[in-house]
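Take a look at the structure set out below.
Read-outs: derived from the displayed coordinates by stated rules, not from any lab. Worth saying up front: this structure is predicted, and the values here are computed from it rather than measured. With ideal geometry, Cβ positions are generated from the backbone for all residues, glycine too; neighbour counts draw on all protein chains shown.
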């Protein structure tokens, strides 16, 4: 592993999109995006997650995305998405991530088929953690997996020496607060719902992993800094007036398509192309997103 400090993984991290050019992964565009968000002051990088369209990548492309990210990150922490539907498949992805130089792995519940009892989910996640070659962060995203990681399961797994935190993309803030109440102070809670990142940090969470930080990293860094300095009014303004309206467009149109449209509006991607079953946004939606991006970036 590199200099990734799981006990200090806080702040705002970027779940990178996967750029495409003529249907292939655009390694040059990905590396440039990594440098942009890193230069903006983001605290970490998360390749091959939901916004990165991991499920649309071949094994070879997945490896390329991780290697390109680690190389371009130049020492910044990399938390690799390693989702799969089996214990063995997830462990194989963790090995790929470790070989690429990633610092930790983000794991999800099996998608398509769910557990018939919460104990099954705990067994799945704990068996991965037992044999994982990297530190583990849980990823709660019930809209994609069909089930949440129950708070009691998170509480139990938080005692595992290799499990260091949770990214919650449920959009259920009460769930987030319950998990916070059930887990130790050094268990890292990261908000995946962009419009909740400021409320989460104000309530004591560790930070966030947020799709729109691809396109407006400066805004997320400003929110992080406002919370850190106790400027609650500024933090609330950033969250409510700059992040939330643009995030609603992500909810309406899908995270990868909307985020790529936002990146295209900044000139940070040449194309907002996505892979099936996702569809690139039409010009009207892109115009609305471009306007929201400009509002998010306006001077204080």
Q. Alpha carbon centre of segment 21-38 versus segment 139-157: separation in Å?
A. 31
Q) What is the extension gain from residue 144 to residue 131, computed as 0.36 nm multiplied by their sequence separation minus the C-alpha to C-alpha distance, in nm to one decimal? A) 2.2 nm
Q.
For a Förster distance of 25 Å, can you work out the FRET efficiency between the beta-carbons of residue 278 and residue 32, rounded to the nearest 0.05?
A. 0.70
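Please give the contour-minus-distance gain from residue 99 to residue 182: 0.36 nm per residue of separation, less the Cα-Cα distance, rounded to one decimal in nm.
Values: separation 83, 0.36 × 83 = 29.88 nm, distance 3.37 nm.
Stretched fully, the residue 99-residue 182 segment lengthens by 26.5 nm.
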**Q.** Helix-only mean residue ellipticity at 222 nm for the chain, each DSSP H run of n ≥ 4 adding -39500 (n - 2.57), per residue, nearest 500
**A.** -14000 deg cm²/dmol
Q: At 7 Å along the Cα-to-beta-carbon direction for both residue 252 and residue 113, put a label point, then send me their distance in nm to one decimal.
A: 3.9
Q: Which order do the peptides 203-216, 154-167 take when ranked by the mean count of other beta-carbon atoms within 10 Å per residue, highest first?
A: 203-216, 154-167
Q | segment 6-229, relative contact order in percent, only Cα pairs under 8 angstrom and at least six apart counted | A | 21
**Q.** Gained length - residue 92 relative to residue 71, 0.36 nm times residue gap less alpha-carbon distance
**A.** 5.5 nm
Q: Please work out which option in (1) 19.8, 62; (2) 21.3, 71; (3) 17.7, 51 gives Rg and Dmax of the Cα atoms in Å calculated from these coordinates, and answer with its label.
A: (3)
Q) If packing is taken as the mean number of other Cβ atoms within 10 Å per residue, what is the order of 85-94, 180-189, highest first? A) 85-94, 180-189
**Q.** Residues 297, 281, sorted so that the one with the fewest Cβ neighbours within 10 Å comes first
**A.** 297, 281
Q) What is the fewest-to-most order of 144, 14, 250 by other Cβ atoms lying within 10 Å of their Cβ? A) 144, 250, 14
Q | Residues residue 155 and residue 56, FRET efficiency given R0 of 35 Å [Cβ-Cβ distance, rounded to 0.05] | A | 0.55
Q. Is the shape of segment 224-280 best called rounded, prolate or oblate, per the rule: a/c under 1.5 gives rounded, else a/b larger than b/c gives prolate, else oblate, with a ≥ b ≥ c the square roots of the Cα gyration tensor eigenvalues?
A. prolate
Q.
For the chain, give me the percentage of DSSP beta bridges that are antiparallel, rounded to the nearest 5 percent.
A. 10
